[in-house]
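The values are calculated or read from the model by the stated rules, or taken from the named source; none is laboratory data. Treat the numbers as computed from the prediction; the structure is a model and nothing was measured. For neighbour counting, all protein chains shown are included, and Cβ atoms are generated from backbone atoms with ideal geometry for every residue, glycine included.
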């Protein structure tokens, strides 16, 4: 990532925001930011350098991997060309954008520096329709970065409990744009099911950006008259993946070291540790337990200790499993800690509850081999 995290007196200022600047050559600007920043920058003795700052140039972040097999050009197919579904067009949309974090003073020093003034085309502020420089919060900037770096893979698949239509207002509940509200612009279908293009108002509602590739499981209808949630098998998908990894680790033919493919799958799951299940305490607790097992398999001691504390807190001092959720938490703790009494507690619940959820039975089946 082409960012610079020097913590100068400017970037550490509490009133700092992300400022949007523009320049037609982001590659050149990226080189200038990377090589021409001076930690001892003094605006009164400006000698052709830039003040130290945290910056982000989206054009330089977007890399499009070539397909393994040649793809037919749009003009050679019966599809209608849509620039918003074309990676190169998306890259061009962000072509001139530069984001700099800091105070107004810092950004003005950058724009007014001798180095910038010496350029044939200078870096300038991006203004809104009122002619004012656009500034955005760190939270919105983080969402934008995530959208730019968005990958083409999905963990969960889902389908709405009722039909979605173009123009529906939705809120994203999972993925890089989680927490953002948008409008469905287009609905397509592929081998995985429904695929949505959603438009978001960003940068203080000054610019609308359409992002393709959302799955139905990542959104909820925002219409207040719609109370149904979209189907979200996220937990079940994680359970299946982790149970299989545990089987490869502790099963009859398991090995102490996971295969490269399993290591890749584990790292893939671990990237989703920041998912939040709003207003669903059961899913939130289960996901914490799953991430504990994930951290344990990753051999991330610090994260494992943190998740152990969280799972223990969720049990609220319980010494026996009276509910399926408690049995679930005790099982996860046993897998990470290998304390026999924890497995015995969960096993007692399974033996005394004929309707014990299947995931607990599957985890306990593997746990007895630990």
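Just a few scattered comments:
- Residue match in the range 56-63 (condition: assigned to a helix (DSSP H, G or I), in contact with a strand residue (DSSP E or B) (Cβ under 8 Å, 6 or more places away or on another chain), in the same structural domain as residue 143 (by TED's automatic domain parsing) and at pLDDT below 85): yes
- Looking only at the range 282-298, and only at residues there that are surrounded by 22 or more Cβ atoms within 10 Å (Cβ to Cβ) and farther than 24 Å from residue 261 by Cβ, the one that is modelled with the highest pLDDT: 289
- The requirement of being at pLDDT 75 or above and surrounded by 17 or more Cβ atoms within 10 Å (Cβ to Cβ) is not satisfied by residue 132.
- Residue in the range 337-345 that is outside any helix (DSSP H, G or I) and without any contact (Cβ under 8 Å) to a residue 24 or more places away in the chain present: yes
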